[in-house]
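Quick note: the coordinates plus some simple rules give every number you see, no bench work behind them. Keep in mind the model is a prediction, meaning the values are calculated, not measured. Cβ coordinates were reconstructed from backbone atoms using ideal geometry, including for glycine residues, and neighbour counts include every protein chain displayed.
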Amino acid sequence: MSPELEQCPRSLLVCEKGNFKNEKSRHESQALKHSFNCRISLLIPECGRLPVMLEKVLSNFSSYFHVQDFPVSTFLEEKWLDAVKKGGFYALSSKTRIDEDNVVAVLPSGQLILSLDKDTYEQLGLEGRPSQYSHRKTVRHIVTVDLKSLVLGTKKYQRVLLCLKERVPLKTDFLFTAAGGAVSLLDLLSKQLYEECRPALHCRTLQDLLCPSLIPSDLKGESGSVTPTQFLEWLGAVSLSISCDNQATSFLSTYACPEPQSSVSQALLCTVTGLISPQDVCKLLTEIRRYLDEPKLTSWVSLTVHGCADSPVSWGSAEHGFHKGGENFYNFVCFQNQDYWLHMATGAKDACPP
Amino acid sequence: MEKKPTPYERVVCKNTSLYHYMKINLVFDSRNKSLSAEQFKQLIITGLKDLYGEVGAAFPFDVLTFNQTELSAILRVYHSSLVKLWSAITLIGSYESVSCAFRVTQVSPFLLALSGNSREMEVF
Amino acid sequence: MSVFMDLNITAGTDKAKLQSTIETAAHLGYSTVAINYVVEGQKKKQLIPTPQPLAELFETFPTVQGKSRPIKVLNRLTVVATDASHFRPTNEYKNFDLLAVHPKTDKLFHAACMNYDVDIICISATEPQSFHFKRSPVNGAIERGVFFEISYSAGIRDPTMKKYTITNAVNLISVCKGKNVIVASGAEAPLNLRGPYDIANLGLIFGLSEGDSKAAVSTNCRSVVLHGETRGTALGIIHTMKRPQLPTEQPEEEIPAAKKAKTDDGSLIV
């Protein structure tokens, strides 16, 4: 059989360990760089009810707003430009697929990213660069407009406006969210027909769960504990209610919780779904650290953050694509001694995470 | 608890996953047929055998979850067999002489990614 | 990549079946489909069908999965040719958005590749290919922007056809080196259809590369549709469209934009 059939598109997994208290720790900047998150999930072993402080943070996640047929040129209006300049503003086109359609995003850095198909790019007339993930012919281009440096009335402004308003009046559904309180989306959207959405919280208590035993200093699982891949697989199994106690001879499934393992009487699994700003993720991370500061039965808590499959960027402004999957997610394991593990995973069409 | 904080460490792993994971479901024309998890797996094994012979029928893969009402499942397969398992599933067209089709919702080298697929979320 | 397309949905006679097949295609994520009408050349006096008006098919077209827009439906004619007299471009051909030919002999395959004004050349899925794919006509077709079509649904319906489909596809792809190939369903019913990513994976067993395989259900189909739009207009090379003019074209504006794009690039690669 031909060897090509045994190959798969590449995937990347970056594993880091560090300590939250280390001044050089990059955990916060790495989380902040991951702009578009669609779900977070929290696993707390030896816990039956969501602790009040964590619940407070989770239920205070910012709202996000859904607007249909939003003209991209609106971002060039004065009040929108002002809002973008204040920072903490996130916009992502929805119901658009990064491997097929035009996808638009505004990053908190003020960059307007247009990931465009061939026809749209050629008609638009704004200069961009070919997608890194092109095949034989370039059929996708990325146009980046720095909204922060765009000044009303200048030639450059007029040109961008003309392109987005006259040449290709691009319209698409959008999701917006804002962090930090500097930008009021309700004011911005006053003239639009919008739908305010609250991130949806779901909690589930798991009984008698087999857990791998983690050693904070052993990130790679070299001294006989679990490897990062095994751990992430197990986390996935828990999130998807996959049975972990199969025999090697079982017909259906041979999956088993990695060794060494121990049994915990209960664990809490909480997920929040919606467009979640990185700032909200950081707040949650801080609260998890506080939770672990007090003596607890568990020695660790895990926080998974899933990125949007169809976002034009993954971390920072690094281009994100979709081949047969658009996975881009990261996972923090927070330990009692303020050590942490950070796993960052991407698929075939992504740069290496920061 | 350890006394001094662990030093910073970073490892980049390429193609670290031994497995790939597939979220699939089986559809029939009108009314769903009733299948047990074992019959479901057997149907896929038959598909593998049809396309790749005895060697194909011996490819190990796991049915990690199976939902009998939805006829949906999560499969785990060695990454070296993914293309073959997927193509075999694609070409399965009938079960007990009744037309059927497998629909593949997601494929990923990370099981965790299957629990947070924005393409399955209504708003995205 | 461009949007996913399935350029071969069998027209059939059952309207309800066709409707539900197109609905399923939309649900699977295809943005464009073509309803395929087939004329068998050898049957005497077979009339060229007139495509059913699309407005009669759907009042509102089904929405494509994961998007907010409806599916686009095209009409296509496939002429099955066993004799040179079977392919006769007439005005009736012009009722269709896409024109395909299914040559059954070596000579006709050569003619189709080199001369016929078509968008698609079909490869047999239901019988062994009766001739070899030769490099020169295949390259000729590629140069003219004509695409080869592999259809997969016969292989789903029947195990013997599965063998023919794969053998013929592998033979074609070893000659055309993965260029100018589209993969379409030829579906007669909803359960004959498979999703675009399934087909992008299936292409690998035909010998296509990862990129070529995905292009076979997206970018290449887009080229076929464009070829269909321009066929018959100025030899298919020039196609003019009115588009808004940019009054303040400032060449000096271009330069900083270009530089900026480059620095953006640089900062991406850490």
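Structural remarks
- Normalised by the number of residues in chain A, the mean separation of alpha-carbon contacts (under 8 Å, six or more apart) gives a relative contact order of 31 percent.
- Rounded, prolate or oblate (a/c below 1.5 giving rounded, otherwise prolate when a/b exceeds b/c) for the protein assembly as shown by Cα gyration tensor: oblate
- Note that the range C:87-94 has calculated 3J(HN,Hα) couplings of 9, 10, x, 10, 5, 5, 4, 6 Hz, one per residue in order, obtained from phi through the Karplus relation 6.51 cos²θ - 1.76 cosθ + 1.60 (θ = phi - 60°); glycine and proline are x.
- Among B:38, B:96, B:70, the residue with the largest mean-square fluctuation in a Gaussian network model of chain B, with springs joining Cα atoms closer than 10 Å, is B:96.
- For the range A:166-221, trypsin sites (Lys or Arg not before Pro) are listed when DSSP marks them as loop and at most 16 other Cβ atoms sit within 10 Å of their Cβ; the list is A:220.
- Two-site FRET efficiency, residue A:202 against residue C:167, from Cβ-Cβ distance with R₀ of 51 Å, rounded to 0.05: 0.50
- The range C:24-96: trypsin sites (Lys or Arg not before Pro) falling in loop per DSSP and having at most 14 other Cβ within 10 Å: C:43, C:44, C:45
- Of interest is the spacing of the C-alpha centroids, which for the range C:177-198 and the range C:108-142 amounts to 19 Å.
- Placing dummy labels 7 Å off each Cα toward the beta-carbon, the span from residue B:31 to residue C:60 is 3.2 nm.
- Cα centroid separation, the range A:332-351 to the range B:13-29 (Å): 22 Å
- Förster radius 41 Å - calculated FRET efficiency between residue C:82 and residue C:23, Cβ distance, rounded to 0.05: 0.70
- Each label was represented as a point 7 Å from its Cα along the Cα-to-Cβ direction; for residue C:13 and residue C:127 these points are 2.2 nm apart.
- Shape call, chain B: gyration tensor on alpha carbons, a/c limit 1.5: prolate
- FRET E, pair residue C:158, residue C:94, Förster distance 51 Å, beta-carbon r, rounded to 0.05: 0.90
- Short-range pairs are left out: with C-alpha atoms under 8 Å and at least six residues apart, the relative contact order of the range A:64-197 is 40 percent.
- Based on the reciprocal of the average 1/r between different C-alpha atoms, the Kirkwood radius for the range A:124-178 equals 13.3 Å.
- Shape of the range A:64-197 from the C-alpha gyration tensor: prolate (a/c of 1.5 or more and a/b above b/c, with a ≥ b ≥ c the square roots of its eigenvalues).
- Inter-chain neighbour count for A:252-258: the average number of beta-carbon atoms from partner chains within 10 Å of each residue's beta-carbon is 5.
- Per-residue average of Cβ from other chains inside 10 Å of A:124-131: 3
- Whole-number percent relative contact order across the range A:206-354, with pairs defined as alpha carbons under 8 Å at least 6 apart: 19 percent
- DSSP-assigned coil residues among GluC sites (Glu not before Pro) in the range A:192-243, each with at most 10 further Cβ atoms within 10 Å: A:222
- Beta bridges per DSSP with both ends in the protein assembly as shown, % antiparallel, nearest 5: 80 percent
- For the range A:280-327 versus the range B:68-124, the spacing of their alpha-carbon centroids is 26 Å.
- Between residue C:106 and residue C:136, the contour length at 0.36 nm per residue exceeds the alpha carbon distance by 9.6 nm.
- Sites excluded, trypsin sites (Lys or Arg not before Pro) in DSSP loops with at most 15 other C-beta within 10 Å, longest stretch of chain B: B:34-124
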